[in-house]
Amino acid sequence: SEAGLRRADVYDSDARIAVAHADALWRAAYARSADPQLALHAAEALPFGAYKVVDFLAAHSPTIGEAFRRIAAYFPIIDARAVLDAVPIAEGFALEMRARDPGVELPAPAQEYTLAAMVTRARVCAGATWAPDAVEVTFPAPRDSSELGRVFRCELRFGRSTPRLVCSRTTWDAPVTDADPALLAVLE
């Protein structure tokens, strides 16, 4: 209620929560939880399958890179404020996150939650040891980044222009363990 939401809004699986309400909900949740890493912990607790068909598209893609591309294609269903793009970079590939509206900064919790959710999904698909080579975020380094390090298990880069997961070609091309091309075609 502090965020301006009704119970029916939250439990309606076809409804979309407006960005202003989602931001207010995060603010209220942070205040009530007293957990400075709430976004990371929420992403870790998010069960695989919560994003329904999108999760299963990832789980049946041939590689993590293809899984990320599929999630990026359908990401507007999950978060209307942000866009995910799979792009080639010098190190290999990156899954970049940007605001749909130019000049808008994505809040730190949105960056942490989205990137951590992507990593936890990749670990379900490719194995618990999968990790990107680096995670880049736009916000400055916190006093203690150990929890970010624990979740991401890679190099952390703060104050960057674009939030993203950076992957070598090998990391990007990691096979999805239970990929099923026939089921993938049906899901798409």
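The values are calculated or read from the model by the stated rules, or taken from the named source; none is laboratory data. Keep in mind that what you see is a predicted model, and the values were worked out from it rather than measured. So basically every Cβ, Gly included, is an ideal-geometry build from the backbone, and we count neighbours across all protein chains shown. For the accessible areas, the whole protein counts, side chains as well, though only heavy atoms, and no ligand, DNA or RNA atoms are used. Shrake-Rupley method; radii C 1.70, N 1.55, O 1.52, S 1.80 Å.
Kindly check whether there is at least one residue in the range 10-17 that is exposed (fewer than 13 other Cβ atoms within 10 Å of the Cβ), among the acidic types (Asp, Glu) and modelled with pLDDT under 95. Scanning the range 10-17, I find at least one residue that is exposed (fewer than 13 other Cβ atoms within 10 Å of the Cβ), among the acidic types (Asp, Glu) and modelled with pLDDT under 95, so the answer is yes. Residue check: is Phe93 under 25 Å from Glu155 (Cα atoms) and among the aromatic types (Phe, Trp, Tyr)? So Phe93 fits the description; yes.
Considering each residue of the range 96-129, count those that are closer than 21 Å to Phe48 by Cα, acidic (Asp, Glu) and in a strand (DSSP E or B), and give that number. Break it down stepwise before answering.
First pass over the range 96-129, keeping only residues closer than 21 Å to Phe48 by Cα: 97, 109-129.
Subset that is acidic (Asp, Glu): 112.
Narrowing the set further to residues that are in a strand (DSSP E or B) leaves none.
Qualifying residue count for the region: 0.
Condition check ((1) under 20 Å from Phe56 (Cα atoms); (2) open to solvent by 20 Å² or more (accessible area, probe 1.4 Å); (3) touching a Cys at 6+ places or on another chain (Cβ under 8 Å); (4) modelled with pLDDT under 95) across all residues:
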position	(1), (2), (3), (4)
Pro88	no, yes, no, no
Tyr113	yes, yes, no, no
Met118	yes, no, no, no
Thr170	no, yes, no, no
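I'd like to know if the range 134-152 contains one or more residues that are surrounded by 14 or more Cβ atoms within 10 Å (Cβ to Cβ), touching an Asp or Glu at 6+ places or on another chain (Cβ under 8 Å) and over 22 Å from Pro36 (Cα atoms). No, the range 134-152 contains no residue that is surrounded by 14 or more Cβ atoms within 10 Å (Cβ to Cβ), touching an Asp or Glu at 6+ places or on another chain (Cβ under 8 Å) and over 22 Å from Pro36 (Cα atoms). Screening Ala28 with (1) of a type in the set (A, V, I, L, M); (2) over 19 Å from the mean Cα position of the chain (by Cα); (3) more than 22 Å from Val104 (Cα to Cα); (4) part of a helix (DSSP H, G or I) gives one miss only, at (3). Among the candidates Ala99, Ala82, Ala108, the residue that is in contact (Cβ under 8 Å) with a residue 24 or more places away in the chain and open to solvent by less than 30 Å² (accessible area, probe 1.4 Å) is uniquely Ala82. Taken over the range 130-157, the criterion of being assigned to a loop (DSSP other than H, G, I, E, B) and over 19 Å from Phe93 (Cβ atoms) is satisfied by Thr138, Phe139, Pro140, Ala141, Pro142, Arg143, Asp144, Ser145.
Could you count how many residues in the range 51-78 are acidic (Asp, Glu) and either open to solvent by less than 30 Å² (accessible area, probe 1.4 Å) or in contact with a strand residue (DSSP E or B) (Cβ under 8 Å, 6 or more places away or on another chain) (or both)?
First, pick out the residues of the range 51-78 that are acidic (Asp, Glu): 55, 66.
Now restrict to residues that are either open to solvent by less than 30 Å² (accessible area, probe 1.4 Å) or in contact with a strand residue (DSSP E or B) (Cβ under 8 Å, 6 or more places away or on another chain) (or both): 55.
Total meeting the criteria: 1.
Take the residues in the range 33-48 that are in a loop (DSSP other than H, G, I, E, B) and over 20 Å from Ala131 (Cα atoms); name whichever of them is modelled with the highest pLDDT. Result: Asp35.
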